[in-house]
Amino acid sequence: MAVTGDTVVWVGQDGPGHALHPGADVIDLDGAFVAPGFVDAHVHATATGLHLTGLDLTGTRTAADLLAAVRAAIRPGEILIAHGWDESAWTEPRLPSRAELDEAAGGAPIYLSRVDVHSAVVSTALVELAPEAREADGWSPDGPLTRGAHHHVRTAIRAGITAGQRRRAQDAFLRRAAEQGIVSVHECAGPDISGETDLADLLRLAAEPGRPEVVGYWGEAGAVDVARRHGLRGLAGDLFVDGALGSHTAALHEPYADRPDSTGARYLDADAIAAHLADCTEAGLQAGFHVIGDAGVAEVVRGFQLAEKAVGRRPLAGGKHRLEHLEMIDPDQAALLAGWGVTGSMQPQFDALWGGEDGMYVTRLGSRAAALNPFSTLAAKGVLLAFGSDSPVTPLDPWASVRAAVHHRTPGSGLSARAAFNAHTRGGHRAAGVNDGLTGSLVPGAPAHYAIWDAADLVVATSDPRVQRWSTDPRSRVPGLPPLDPGVPLPTCLRTVRAGQVLYDVFTPSA
């Protein structure tokens, strides 16, 4: 492959390449391979960076573990922000009381978000910084805060983060993305997520040389001025139609299996959804929504139907609107969404983390769990798929996401390796409105967005037809890649390049 400036100019065999490009700087990959750079279509940069630089609760398995981690991490004069507990995987599901948290925190404000980031356990000192939480929906005097109460304490957290903390967190996030072969991320910001200042700071930092691209989205209806002010792609991402399954706030038609008195929470109705779609279509912006539960998806479909009557089918489809997560959807709904040109921005690691016969999905939904995250159905109906992590909910690890999409926990719901890889590369670019037929592939004329991977030891010697092999058909524009079978180590990134500029590099060419 030959690159001039920011563009791939030639792909072929070595001999003709040397003849066509005499005097070029040559890098011998010594067994490494080149593939298109990944796109993570749903991230929360500052929250991830705070997670990377702070306290990680993903390894806790009991309330005692969590309290011990808090005691060890408290720093005088600072708010403690930590993430990742998941009581559904604990050996003892009891959460610590607020009194226990207060004792462990020594009077400091602490915010400990659940793995899905839709609820948190907090200390009394943090509640005192957000007294409105006590009167809001989702308030609990002793347990996790959800819904409006959670939004209030999260606002207080944002106000307590210093500019220096924010920059360190965002820098850590961008560096980690580059280390994972990611050339572009879609930041899903909003007034209930991170704040306008946070988004503006992230966009400025990402504009510095040697950074992955950040495509900005703002999850707020009626905020066209915000989108224009920051040059955002759309008013999409986490504009919440509902919540999350783990926190019992995803909107369901039927009650939760483990909470029969609840069908979750729905924050927007079809009329509000339709109005937002129409406003964004007319403004030339992408609209989009966070939607997980089946009742939430049904409301979104009704919203699209109303929006079509208002603006027309062709303009609505031309808006290339998007839906985040889209976990509970049936084939008929998928076909309708495809007709409106909707992108499904999905996270395969959700299934790897919570799927299966004894995972959180089954605990929350019973037999309904098997139908979650139906990648193959969506693809077959023509919905564009764009994969991401929802980091910090799941890690920035695109190869793990591709593997999870291939090896779905429900047989028949996964994708081929080629389709999964495309959803995490070209699909992400298309989801952000780049549909030139080149970006996200390695062909002459394409932007030089690529990563070099060490996969010398990732060889599976077997004739078993069940072992997943990558397509080597040149028409697929997907190079021959290593297997992603369970138990096989994932490739290691050696170099990440965007538009010909090196973002990350540990690769040393041979003399």
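The values are calculated or read from the model by the stated rules, or taken from the named source; none is laboratory data. Just so it is clear, the model here is predicted, and its values are computed rather than measured. Heads up, the Cβs are rebuilt from the backbone with ideal geometry, glycines too, and the neighbour counts pull from every protein chain shown.
Can you list residue pairs whose Cβ atoms sit under 8 Å apart, with the first residue in the stretch 135-153 being on the phi < 0 side of the Ramachandran plot and the second being of a type in the set (D, E) and modelled with pLDDT under 90? Count only pairs 6 or more apart in sequence or on different chains.
The qualifying pairs are H151/D192.
Can you tell which of A104, A156, A99, A200 is modelled with pLDDT of 90 or more, small (G, A, S) and buried (at least 16 other Cβ atoms within 10 Å of the Cβ)?
Result: A104 is the single residue among A104, A156, A99, A200 that is modelled with pLDDT of 90 or more, small (G, A, S) and buried (at least 16 other Cβ atoms within 10 Å of the Cβ).
Out of the stretch 337-357, which residues are surrounded by fewer than 18 Cβ atoms within 10 Å (Cβ to Cβ) and farther than 12 Å from T410 by Cα?
The one that is surrounded by fewer than 18 Cβ atoms within 10 Å (Cβ to Cβ) and farther than 12 Å from T410 by Cα: G339.
Are there any pairs, at least 6 apart or on different chains, whose C-beta atoms fall under 6 Å, with the first in the stretch 207-219 and of a type in the set (D, E, K, R) and the second surrounded by 14 or more Cβ atoms within 10 Å (Cβ to Cβ), and if so, which?
R211/L174; E213/S184
Output the number of the condition that H42 fails; it satisfies all remaining conditions of (1) surrounded by fewer than 23 Cβ atoms within 10 Å (Cβ to Cβ); (2) touching a strand residue (DSSP E or B) at 6+ places or on another chain (Cβ under 7 Å).
With (1) surrounded by fewer than 23 Cβ atoms within 10 Å (Cβ to Cβ); (2) touching a strand residue (DSSP E or B) at 6+ places or on another chain (Cβ under 7 Å) applied to H42, the lone miss is (1).
Within the stretch 184-199, can one find any residue that is of a type in the set (D, E), part of a helix (DSSP H, G or I) and more than 30 Å from G427 (Cβ to Cβ)?
Checked the stretch 184-199: no residue is of a type in the set (D, E), part of a helix (DSSP H, G or I) and more than 30 Å from G427 (Cβ to Cβ).
Restricting the stretch 76-114 to residues that are within 27 Å of the chain's Cα centre (by Cα) and of a type in the set (G, A, S), which is farthest from E357 (Cα to Cα)?
Among them, the one singled out is A82.
Only one residue in T62, T53 is in the same structural domain as E187 (by TED's automatic domain parsing) and at pLDDT 90 or above, so which one is that?
T62
Mind listing just one residue for me: the one in the stretch 133-156 that is of a type in the set (A, V, I, L, M) and assigned to a helix (DSSP H, G or I) and, of those, farthest from the chain's Cα centre (by Cα)?
Here the residue is A133.
Of all residues in the stretch 80-132, count the ones that are touching a Leu at 6+ places or on another chain (Cβ under 7 Å) and assigned to a loop (DSSP other than H, G, I, E, B).
4
Results for (1) under 21 Å from the mean Cα position of the chain (by Cα); (2) in a helix (DSSP H, G or I); (3) surrounded by fewer than 24 Cβ atoms within 10 Å (Cβ to Cβ), shown as yes or no for each residue.
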{"residue": "D225", "(1), (2), (3)": "no, yes, yes"}
{"residue": "G237", "(1), (2), (3)": "yes, no, no"}
{"residue": "T249", "(1), (2), (3)": "yes, no, no"}
{"residue": "E254", "(1), (2), (3)": "no, no, yes"}
{"residue": "S262", "(1), (2), (3)": "no, no, yes"}
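Please give the helices (runs of 4 or more DSSP H) falling wholly within the stretch 1-73 in which 2 or more residues are among the charged types (D, E, K, R) and in contact with a Phe, Trp or Tyr (Cβ under 8 Å, 6 or more places away or on another chain).
Because the criterion is at least 2 residues that are among the charged types (D, E, K, R) and in contact with a Phe, Trp or Tyr (Cβ under 8 Å, 6 or more places away or on another chain), no helices (runs of 4 or more DSSP H) in the stretch 1-73 meet it.
Which condition breaks for R233 when tested against (1) under 28 Å from T162 (Cα atoms); (2) of a type outside the set (F, W, Y); (3) surrounded by 24 or more Cβ atoms within 10 Å (Cβ to Cβ)?
It is condition (3) that R233 fails.
Please enumerate the residues belonging to the stretch 200-223 that are hydrophobic (A, V, I, L, M, F, W, C) and either part of a helix (DSSP H, G or I) or outside the structural domain of G284 (by TED's automatic domain parsing) (or both).
Those that are hydrophobic (A, V, I, L, M, F, W, C) and either part of a helix (DSSP H, G or I) or outside the structural domain of G284 (by TED's automatic domain parsing) (or both): A200, L202, L203, L205, A206.
Give the residues of the stretch 18-39 that are surrounded by 15 or more Cβ atoms within 10 Å (Cβ to Cβ) and more than 38 Å from the chain's Cα centre (by Cα), sorted by residue number.
Result: H21, single match.
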